[in-house]
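Trainee: One structure coming up, written as structure tokens, with questions to follow.
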Amino acid sequence: MTGVSRGAVIIGASAGALEALSVLLPPLPATFPLPIFVVVHVPSDQPSVLADIFDPKCKLHAIEAEDKEPIVPGVIYFAPPDYHMLLEDKQTIALSNEEAVLFSRPSIDVTLESAADVWGEQLIGIILTGANQDGARGLQAISAAGGMAIVQSPVGAYASAMPEAAIAACPQAQVMSLNDISTYLSSISG
Amino acid sequence: METFEKIEDIEIRLLLEALYHRYHYDFRHYAMASIRRRLRQAKDNLGFATISAMQERVLHDPDMLPQMLRYLTVQVSEMFRDPSYFQAIRQAVIPHLRTYPSLKVWVAGCSTGEELYSLVILFREEGLEERTLFYATDINPEALHQAETGIYDAERVRQFSENYRQAGGKTSLSDYYHSQYNRCILDKSLRRNVVFSDHSLVTDQVFGEMHLISCRNVMIYFDRNLQDRAVGLFKESLSRQGFLGLGSKENLRFSTHAHAFRDFVRTEKIYQRNDS
């Protein structure tokens, strides 16, 4: 929107994630030009059903990332339970077993920070509803790298703590309602 | 900003070169995103202003090496982590292994030993321990030493026991350890048939013919080329129709050696060498 060509979208969400993602992901057109990485706090001891839920609902293909998964534009990658999802380069996902961060594995911060290293100003980072502080530090890293930082408005969020922490850490972030975020994403084209 | 990031990447490359030339630890083909994150942590926690300052120190001060290795190698494991993996070994792999008069099992990248002891217990319960030689290898001497002692923090035992139960354990995990103060000490008989050894998947070679290789969440820290080297080493090390078990989110799909293996238990990432 600012003349920068965009490279990737990273979305972090926790409590209330399913409902929020159901607003954002299904309307995206099949021609959406960027890869989308989604990190949701899911229990570590059971398989995640997120990809199974969203793949049939979305026009885009949704999968759970595996280690060294090649990155394809227009695919939605969910972080698997009990692993951090890092971006190795613009072509490759790498998983990691490192310690939980803020009690979370996957950690939103870890994904956002590694993505900021890879995409810098081409990145769009979005923090949605959640009941902890994860994502705040990572969003700040994206903003510092010149990328676009977006936070769901705490007022309309199912859990406001995570958006509030993100705004506090990254005051320059754009605060938007879910519907406005959805409209913005749909406006992105190659 | 752009310039700053490039400088950091140069520093990281130089530090990894220094470790290789000075100490022969080769992290140069480890996955960059994770290495970058851990070196930043090391820099901050150890109080260095830059990664090159850290490199200067480790180059001249060998006492700094163990600290460095603690950051560069990841030691996060549990006994019977991913219980369904061990259940699949028990139900699908063991019946094949039973047909051999003697067995060799290699736990590659054994770290502090949790996965090794899980397999030894499983083999004992299936009556195969006596005829099996276990090789447990790692590059980190500290981790290997801890694996050899078989002592874990008592507060981890509840999780270990729950995993053991879910993995189809035949008795109670407490049959294999005793508690002392706040430590859990594994029965030393579990080490009867274990050889602990320093071995690098990056620089070392084949050392025996294995019937089962378990290498879980080790190669996720390698880049694609290094993964190919390690999988090639496993291919060469396996006996005909030998088994290779990986972590639950690892995959041979992206490997140049993919054709050399077939899915054996697909959902658990257990592969069998393809020797039809």
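Trainee: With the checklist (1) within 14 Å of chain A (Cβ to nearest Cβ); (2) in contact with a helix residue (DSSP H, G or I) (Cβ under 7 Å, 6 or more places away or on another chain) in hand, flag the one item B:F243 doesn't pass.
Mentor: Here B:F243 clears every test but (1).
Trainee: Another question, if that's okay. From the list B:G109, B:G113, exactly one residue is away from chain A (no Cβ under 14 Å) and either free of Cβ contacts under 8 Å to residues at least 60 places away in the same chain or at positive phi (or both). Which is it? Talk me through it step by step, then tell me what you get.
Mentor: Working: B:G109 fails: away from chain A (no Cβ under 14 Å).
Answer to the selection: B:G113.
Trainee: Give the number of residues within the stretch A:37-75 that are β-branched (V, I, T), farther than 19 Å from A:G16 by Cα and in a strand (DSSP E or B).
Mentor: 2
Trainee: With the requirement that a residue be under 22 Å from A:E99 (Cα atoms) and in a strand (DSSP E or B), what does the stretch B:179-225 give you?
Mentor: Once the filter is applied, which keeps residues that are under 22 Å from A:E99 (Cα atoms) and in a strand (DSSP E or B), the stretch B:179-225 yields B:R183, B:C184, B:S214, B:C215, B:F222.
Trainee: Let me ask another. Note down all Cβ pairs under 7 Å where the first residue falls in the stretch A:70-97 and is at the interface with chain B (Cβ under 8 Å from one of its Cβ atoms), the second is among the aromatic types (F, W, Y), and they're at least six residues apart or on different chains.
Mentor: Pairs found: A:L95/A:Y83; A:S96/A:Y83; A:N97/A:Y83.
Trainee: Restrict the check to the stretch B:142-159 and report whether at least one residue is basic (K, R), part of a helix (DSSP H, G or I) and either under 21 Å from B:K104 (Cβ atoms) or touching an Asp or Glu at 6+ places or on another chain (Cβ under 9 Å) (or both).
Mentor: There is at least one residue in the stretch B:142-159 that is basic (K, R), part of a helix (DSSP H, G or I) and either under 21 Å from B:K104 (Cβ atoms) or touching an Asp or Glu at 6+ places or on another chain (Cβ under 9 Å) (or both).
Trainee: With closer than 18 Å to A:D89 by Cβ and out of contact with any Gly (no Cβ under 8 Å at 6 or more places or on another chain) as the only criterion, which of B:R22, B:R36 stands out?
Mentor: Residue meeting the stated conditions: B:R36.
Trainee: How many residues are more than 23 Å from A:A8 (Cβ to Cβ) and either touching a residue at least 12 places away in the same chain (Cβ under 8 Å) or part of a strand (DSSP E or B) (or both) if we restrict to the stretch A:158-176?
Mentor: Residues flagged as more than 23 Å from A:A8 (Cβ to Cβ) and either touching a residue at least 12 places away in the same chain (Cβ under 8 Å) or part of a strand (DSSP E or B) (or both) within the stretch A:158-176 amount to 5.
To keep it simple, each residue is scored yes or no on (1) within 16 Å of the chain's Cα centre (by Cα); (2) modelled with pLDDT of 95 or more; (3) among the hydroxyl-bearing types (S, T, Y); (4) over 23 Å from A:A116 (Cα atoms).
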position: A:I142; (1), (2), (3), (4): yes, yes, no, no
position: A:M148; (1), (2), (3), (4): yes, yes, no, no
position: A:V151; (1), (2), (3), (4): yes, yes, no, no
position: A:P154; (1), (2), (3), (4): no, yes, no, yes
position: A:Y158; (1), (2), (3), (4): no, yes, yes, yes
position: A:M176; (1), (2), (3), (4): yes, yes, no, no
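Trainee: Hey, among A:F32, A:F37, which residue is more than 18 Å from B:M219 (Cα to Cα) and within 14 Å of chain B (Cβ to nearest Cβ)?
Mentor: A:F37
Trainee: For A:V9, which of the numbered conditions (1) part of a strand (DSSP E or B); (2) at pLDDT below 95; (3) not hydroxyl-bearing (S, T, Y) fails to hold?
Mentor: Among (1) part of a strand (DSSP E or B); (2) at pLDDT below 95; (3) not hydroxyl-bearing (S, T, Y), A:V9 violates only (2).
Trainee: Let me ask something else about it. Does the stretch A:146-155 contain any residue that is over 22 Å from A:L87 (Cβ atoms) and in a loop (DSSP other than H, G, I, E, B)?
Mentor: Taking every residue of the stretch A:146-155 in turn, at least one turns out to be over 22 Å from A:L87 (Cβ atoms) and in a loop (DSSP other than H, G, I, E, B).
Trainee: Here is a follow-up. Mind checking which residues of the stretch B:246-262 are within 14 Å of chain A (Cβ to nearest Cβ) and surrounded by fewer than 14 Cβ atoms within 10 Å (Cβ to Cβ)?
Mentor: Selection gives B:R253 alone.
Trainee: With respect to B:L186, is the statement that it is closer than 20 Å to B:V107 by Cα, within 14 Å of another protein chain (Cβ to nearest Cβ) and surrounded by 16 or more Cβ atoms within 10 Å (Cβ to Cβ) true?
Mentor: For B:L186, the condition - closer than 20 Å to B:V107 by Cα, within 14 Å of another protein chain (Cβ to nearest Cβ) and surrounded by 16 or more Cβ atoms within 10 Å (Cβ to Cβ) - is not met.
Trainee: Quick one: in the stretch A:114-144, which of the residues that are surrounded by fewer than 23 Cβ atoms within 10 Å (Cβ to Cβ) and assigned to a loop (DSSP other than H, G, I, E, B) is nearest to the other protein chains (Cβ to nearest Cβ)?
Mentor: A:Q133
Trainee: While we're on this one: Does B:S84 satisfy being of a type in the set (G, A, S), within 13 Å of chain A (Cβ to nearest Cβ) and in a helix (DSSP H, G or I)?
Mentor: For B:S84, the condition - of a type in the set (G, A, S), within 13 Å of chain A (Cβ to nearest Cβ) and in a helix (DSSP H, G or I) - is met.
Trainee: So, B:R191, is that one more than 14 Å from every other protein chain (Cβ to nearest Cβ) and more than 18 Å from the chain's Cα centre (by Cα) or not?
Mentor: No, not satisfied.
Trainee: Then there is this: Take the residues in the stretch A:98-108 that are of a type outside the set (D, E) and either at the interface with another protein chain (Cβ under 9 Å from one of its Cβ atoms) or assigned to a loop (DSSP other than H, G, I, E, B) (or both); name whichever of them is surrounded by the fewest Cβ atoms within 10 Å (Cβ to Cβ). Quick ask: steps written out before the conclusion?
Mentor: First pass over the stretch A:98-108, keeping only residues of a type outside the set (D, E): A:100-108.
Restricting the remaining residues to those that are either at the interface with another protein chain (Cβ under 9 Å from one of its Cβ atoms) or assigned to a loop (DSSP other than H, G, I, E, B) (or both) gives A:100, A:102-103, A:105-107.
Working: A:A100: 14, A:L102: 16, A:F103: 9, A:R105: 23, A:P106: 30, A:S107: 27.
Only one residue fits best here, namely A:F103.
Trainee: Right, something else. For the stretch B:231-251, what are the residues that are within 30 Å of A:F78 (Cα to Cα) and either acidic (D, E) or assigned to a helix (DSSP H, G or I) (or both)?
Mentor: Residues of the stretch B:231-251 that are within 30 Å of A:F78 (Cα to Cα), as a first pass: B:231-232, B:234, B:243-251.
Selection gives B:V231, B:G232, B:F234, B:E250.
Trainee: Which one is surrounded by the most Cβ atoms within 10 Å (Cβ to Cβ) among residues in the stretch B:189-218 that are touching a Gly at 6+ places or on another chain (Cβ under 7 Å) and either more than 14 Å from B:W106 (Cβ to Cβ) or without any contact (Cβ under 8 Å) to a residue 60 or more places away in the chain (or both)?
Mentor: Here the residue is B:N217.
Trainee: Would you check which residues across the stretch B:1-38 are in a helix (DSSP H, G or I), within 12 Å of another protein chain (Cβ to nearest Cβ) and within 29 Å of B:D228 (Cα to Cα) and list them?
Mentor: B:E5, B:K6, B:E8, B:D9, B:I12, B:M32, B:A33, B:S34, B:I35, B:R36, B:R37, B:R38
Trainee: May I pose another question? Give the residues of the stretch A:56-69 that are more than 11 Å from chain B (Cβ to nearest Cβ) and without any contact (Cβ under 8 Å) to a residue 24 or more places away in the chain, sorted by residue number.
Mentor: A:P56, A:H61, A:I63
Trainee: Which condition breaks for A:L87 when tested against (1) part of a strand (DSSP E or B); (2) within 21 Å of A:T129 (Cα to Cα); (3) not β-branched (V, I, T)?
Mentor: The single condition A:L87 does not satisfy is (2).
The values are calculated or read from the model by the stated rules, or taken from the named source; none is laboratory data. Model, not experiment: these values are computed from the prediction. So basically every Cβ, Gly included, is an ideal-geometry build from the backbone, and we count neighbours across all protein chains shown.
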